[in-house]
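The values are calculated or read from the model by the stated rules, or taken from the named source; none is laboratory data. Computed from a predicted model, the values in this text were never measured in an experiment. Here the Cβ positions follow ideal geometry from the backbone for every residue, glycine too, while neighbour counts run over all protein chains shown.
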Amino acid sequence: MTTSLLEVRDLCVTFDTSRGPVRAVRAVAFSLAPAEVMGLVGESGSGKSVSCRALMRLLPPRGVRMSGVALFQGRDILALPEEELRDLRGTELAMIFQNPSSHLNPVMPVGDQIAEPVLVHEGASRRQARARAAELLRQVGIPDPDSQLDRYPHQFSGGMRQRVMIAAALACRPKLLIADEPTTALDVTVQAQILRLLLELRDRSGLAIVLISHNLGVIAQTCDSVSVMYGGRVVERGSKRDVLSRPHHPYTEALIRSQPESAPLGAPLPTIEGQPPAPSELPTGCAFHPRCPYAQPVCVEEAPPLEETQDGRRSACWRWPELAARSGVTP
Amino acid sequence: MSEPLLLAESLSVRFRRTTLASLIGRGRPDNVQAVADVHLAVGRGQSVGLVGESGCGKTTLGRALLRLIEPSAGRLMFDGRDLITLSESDLFAFRRRAQMVFQDPYGSLNPRLTVEETLSEVFSVHRLCPVSKIRERVRELMQRVGLSPDLSTRRPYSLSGGQCQRVGIARALAVGPELIIADEPVSALDVSIQAQILNLFETLQHDMRLSLLFISHDLGVVRHLCRMVAVMYLGRIVEFGPTEAVFESPRHPYTQALIAAMPRLDVEGSLPRRGLAGEPPSPVAVPPGCPFHPRCPEAMPVCRNDPVPEERVEGRVKVRCHLYPLPMHA
C-alpha cells in the first residue's frame, strides 16, 4: 500500500551471545498509516521492545544482526547511513520509554533538554528554542511552563516527567512516535491522563503512534489496530475491534480470557499453562504449541505463516479457520 | 456477626524523615503520616482488597498490620488479642498465624538458597515438625502451590517470576496461617502468569479457609478476587465495603475517579473524556482538610478546612467524605 507511513517487512534481529545466536525477533511485519495508533501486545521476551528499538536503530552495533525492510515514507530506516538516520531520528521519528527518569538527563534543566533537538535539527536560535520548549510543555499539560523550564527532572513527579519526555520527543514535530510501555510505571488516574494526551496529539497533528503495552485494557481504549507478538513473531494483527472481540489466534484468545474482567466473578480464571518461552529456548514449529489447546502434530513440526484470514486481518495459526468460524470469545 | 480475625482501629503510622536542614540543626525532621486513622476489619475466611495509588500507604498499612512496621497509634486486634502489646516471643508465635507474600518475586527470596532450603527453614525455625519429616512436608507444600518436585534444588535465578512467586506463597503457607497479607503479588508477573497465581490464591483461600488481605493497584484483579474492598488515599481509607457494592455505585469521588480510570477490555470503549487532574501529593505535604480536596471535582469550602469526617455508613458501604455528612451534622 502506498498510503502507509511505516511498512515493516521481514524484520529479524539476532543477538550473538556466548551461547550462540538468539533470535529475538523473527520476520516481524506490520504497517502503519498516518495518524494511526497501533498497539503492540506481548509478554516479556516476546520481542516487542527489541523490534521497536531495531526500528529506531537503537540496538548496539556489535553482536546484533538485523535484516529486513522498514520503509518510513519510502525510505528504508534499516539501510540509512548513520548521518541521515540521526536527522530522521531527531525529527520525524521519536521514541518514549517506560521509565522517564532513566531517559532524561538528571543534571540538565528540562527546558534545555526539550530545546536541544530544536537547536540541533532546526537550527533555531536559543531564544526561539526556549520559546518552543515552553510551548511544548504547555501542550503536554504542564502548568505555568515558563517557570518550569529551568527545573531539573527530579523536581517533577513521575507523571510530569513522562510529560517532559513526551514534550522532548515531540520537539521537532515527528510523524511517528514509538511509545514503549509509557504508562506502566504510572498510577491509573495518571495513566489515563497520559493516554488522553497521546490521543489528543494524534488528533491535533496527525501523529502516528506505536504503543507497546502488556495491558489489553489500555490497548482496547486507545488503539485503532493491534499486533500481537509471541516468541519473536507477530502472531495476529488486525483492527482492535476484530482482534479483541473475535481473535483468530489461540494465544490472543487465551490472553483475553485470562483477564480478570473477562471471567465471571468468583469463577476460576482460564489460564495459559506454562510460561512464555525465552528467546534462547524457542520451541520448534509454532512457538506457542506447548501451551496451545489447539495444538496438532503439524504445529510442532512447522511454524505457520502469518497469512491473511478475513477482512484484511492476519493470523499465524494452522487452525485459524476454526477460530474464525466461532462467533467470539466465550469464557 | 462474629468478631473479625483482624481488626485495626484508628491505626496510624508516622515516619520521621531526616532532612538536611534538621541534620545541621536548622529545623525539625519532617513527620510523614504514612497511615492515618485507619479502620479496617478482615473477617475469618474473608478476602479483602486494599487498593490505592503509589504512595498512598497501602504497603505500610499491610506491614503495620503484621507489626513488621510498628504502628504509632491506634488499636490492632488479632483473634481478640491485642497485637500492639505482644511480647517478642508472643509475636513470634503470632507469625505462625499470619504471614506475608511480597511483590518482588526474586527480591523476596534468598538468592543463595534452593527452593527446598527456603521452605525447610520455615519448618525448622518454627519447629513445626520433626526434622525427619521436613522433606516430606516441603514436597507436600510444593505440590499444593503447583511447583513440580524437580524444582526443589533450583535457586531463584533459575526460576521464572511465576515460579518464584509460588515459592513465596509456599513459604507463607508453611506455618499453616489463618491470615495472609499479599502485597501486589501479581504486579511483577506476565499477564498469562497472573491468572495462574490469582487462581492459586482463590483455591488456597477456599480450601484452607484463609483470610486474605490483597494489596493491589489493579482494580480488575481485586474485583475478581476479593469480597470486600478498601480504597486508600494518602494514608486514609476513604471507602470500604462489599466489592460489588463499591464497584456498582462508588460513593467517594476518589473511588469514582479510580473506577472510571480503570483500563477496560471493552472494544467499543474509549478513554473517559475527563478524568482526575493532577497526581497524588507527596505524603510529606498532605493538604489540609480532606487530603483529596485539591483534586476532587466536588470539593466544597468545608473540604478545604475541616478534617475528614468519621466514617459514615451509606447502604452497605462505609465512606469518609463531606458529601456524606453524619446525621447529626445534617
Of all residues in segment A:139-163, which are touching a helix residue (DSSP H, G or I) at 6+ places or on another chain (Cβ under 8 Å) and within 12 Å of chain B (Cβ to nearest Cβ)? A:G141, A:I142, A:F156, A:G158, A:G159, A:R161, A:Q162, A:R163
Determine the pairs where a residue that is within 14 Å of A:Q98 (Cβ to Cβ) and of a type in the set (F, W, Y), located within segment A:46-67, has a partner that is exposed (fewer than 15 other Cβ atoms within 10 Å of the Cβ) and modelled with pLDDT of 90 or more with Cβ atoms under 8 Å apart, the partner being 6 or more residues away or on another chain. none
Filtering segment B:79-105 for residues that are more than 21 Å from B:I169 (Cβ to Cβ), in contact (Cβ under 8 Å) with a residue 60 or more places away in the chain and surrounded by 16 or more Cβ atoms within 10 Å (Cβ to Cβ) leaves a count of 1
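To keep it simple, each residue is scored yes or no on (1) within 13 Å of chain A (Cβ to nearest Cβ); (2) aliphatic (A, V, I, L, M); (3) surrounded by fewer than 24 Cβ atoms within 10 Å (Cβ to Cβ); (4) more than 24 Å from B:F102 (Cβ to Cβ).
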position	(1), (2), (3), (4)
B:L219	yes, yes, no, no
B:V229	yes, yes, no, no
B:E239	no, no, no, yes
B:S249	no, no, yes, yes
B:Q256	yes, no, yes, yes
B:A260	yes, yes, yes, yes
B:P263	yes, no, no, yes
B:V267	yes, yes, yes, yes
B:R274	yes, no, yes, yes
Identify, from the list B:P272, B:P250, B:P281, B:P263, the residue that is assigned to a loop (DSSP other than H, G, I, E, B) and more than 23 Å from A:V218 (Cβ to Cβ). B:P281
Test for A:G274: is it more than 7 Å from chain B (Cβ to nearest Cβ), at positive phi and crowded, with 18+ Cβ neighbours inside 10 Å: no
Looking at this structure, is B:G55 among the small types (G, A, S) and surrounded by 15 or more Cβ atoms within 10 Å (Cβ to Cβ)? yes
Of the conditions (1) surrounded by 21 or more Cβ atoms within 10 Å (Cβ to Cβ); (2) away from chain B (no Cβ under 14 Å); (3) touching a Gly at 6+ places or on another chain (Cβ under 9 Å), A:V298 clears all except one; give me its number. (1)
For A:Q221, are the conditions met, namely being more than 14 Å from A:V41 (Cβ to Cβ), out of contact with any strand residue (DSSP E or B) (no Cβ under 6 Å at 6 or more places or on another chain) and polar (S, T, N, Q)? no
Within segment B:49-78, which residues are free of Cβ contacts under 8 Å to residues at least 60 places away in the same chain and assigned to a loop (DSSP other than H, G, I, E, B)? B:R67, B:L68, B:I69, B:E70
Could you name every one of the helices (runs of 4 or more DSSP H) located completely within segment B:126-212 that has at least 1 residues being among the charged types (D, E, K, R) and away from chain A (no Cβ under 14 Å)? B:131-144, B:161-173
